[in-house]
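FYI, it's all coordinate maths here, none of it is from the lab. This one's a predicted model, so the numbers in the text were calculated from it and none came from an experiment. Quick reminder, even Gly has a Cβ in these numbers, built from the backbone with ideal geometry, and neighbours come from all protein chains shown.
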Amino acid sequence: EEASGGTLFLDEIGDIGGRIQGQLLRVLQEGEIRRVGESAPIRVDTRVVAATNKDLAEAVKGGKFREDLFYRLNVVTIRIPPLRERREDIPLLAEHFAARHAGERGASLTTEAREAMLLWDWPGNVRELDNSVARALALNPGGTILPEDLPEAVRERWQHRRGSPAKAPSTISPAATSPAPEPLVGDHPTLDELSRRYAERVLRDSGGNKTRAAEALGIDRKTLSRLLREE
């Protein structure tokens, strides 16, 4: 209803269940919705843009996606190639994610880290790359991402191409002013977990001053408390 007269973006459309598929089809066909608990229909005029990483045509053949909804949505198709087919975008995206996660502290990638990223196929595409950059910054508070800060599989492929054994993740010298990061569990911690650890590190660097830490992160104190799971 709020999108009436505008555009509604539906992400991961291939993952919705059969009941929701039927409801969405009815909205697209009739141009009407019904509020929960009400019987009177409300007219809506909304452009729908849907995205998925699944092959919906195959899902239709397998009975997992409604054929009528597929053809209703499949008016104009724009295929976005996976990262492995547009490797020139990988360094640009990695730098963007690094800047976003580091905030005012800044971050950079070494030439070797870029090489390692370019060699990896990124089966999880942009989300995997974003997660890997966030992980690297959590492991290395210095802000310079090295190959050894990347997930093990990425490091191993890079080292295999170079003909040398993979190094362990970066360590911090005893003279470093920042405390050593907490060990991560596995190669793919969630972004929520990485965000919490990064917020904790910025808070420590700010001397425990939440106002200053929130300003450094570009968020308010309430959001910082939520990241720290205090609310």
For this session: Grab the other residues whose beta carbon is less than 12 angstrom from that of Pro81, score K and R as +1, D and E as -1, and report the net.
Result: +1
Problem set entry | Taking Lys64, Lys222 and counting other C-beta atoms within 10 Å, the order from fewest to most | Lys222, Lys64
Seminar exercise, completed: antiparallel share of DSSP beta bridges within the chain, to nearest 5, in %, is 25 percent
Exercise. When the Karplus curve 6.51 cos²θ - 1.76 cosθ + 1.60 is applied with θ = phi - 60°, which whole-Hz ³J(HN,Hα) does each residue of the stretch 120-134 get, with x for Gly and Pro?
Worked result: 7, 7, 6, x, x, 6, 4, 5, 5, 5, 4, 4, 5, 5, 4
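Could you line up Val75, Val126 from fewest to most neighbouring Cβ atoms inside 10 Å?
Ordered by Cβ neighbours within 10 Å, fewest first: Val75, Val126.
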For this session: Rank the residues Ile90, Ile78 as a footprinting-exposure proxy: fewest other Cβ atoms within 10 Å of their Cβ go first.
Result: Ile78, Ile90
Exercise. Given the options Ala50, Ala99, Ala113, which has the most mean-square fluctuation in a GNM of the chain, springs set between C-alpha atoms less than 10 angstrom apart?
Worked result: Ala50
Exercise. Based on the alpha-carbon gyration tensor of the chain and its eigenvalue square roots a ≥ b ≥ c, which shape applies: rounded if a/c is under 1.5, prolate if not and a/b is larger than b/c, or oblate?
Worked result: oblate
For this session: Please work out the Cα center distance from the stretch 112-163 to the stretch 1-67, rounded to the nearest Å.
Result: 37 Å
Problem set entry | Nearest-20 debye value, the chain charge dipole, Cβ charges on Lys, Arg, Asp, Glu | 120 debye
For this session: Kindly provide the GluC sites (Glu not before Pro) of the stretch 80-133 that DSSP labels as loop, not H, G, I, E or B, and whose Cβ sees at most 15 other Cβ atoms within 10 Å.
Result: Glu88
Seminar exercise, completed: The simple spin-label model distance between Glu156 and Arg84, using points 7 Å out along Cα→Cβ, in nm, is 1.6 nm
Exercise. Which of rounded, prolate, oblate describes the stretch 31-102, given a ≥ b ≥ c as roots of the alpha-carbon gyration tensor eigenvalues and a/c under 1.5 marking rounded, otherwise prolate only if a/b is larger than b/c?
Worked result: oblate
Seminar exercise, completed: Counting sequence-distant residues (5 or more places) and residues on other chains, those with an amide H built under 5 Å from that of Ile145 are Ser108, Leu109, Thr110
Seminar exercise, completed: The set of residues whose placed amide H lies less than 5 Å from the amide H of Leu8, leaving out same-chain residues fewer than 5 positions away, is Arg47, Val48, Val49
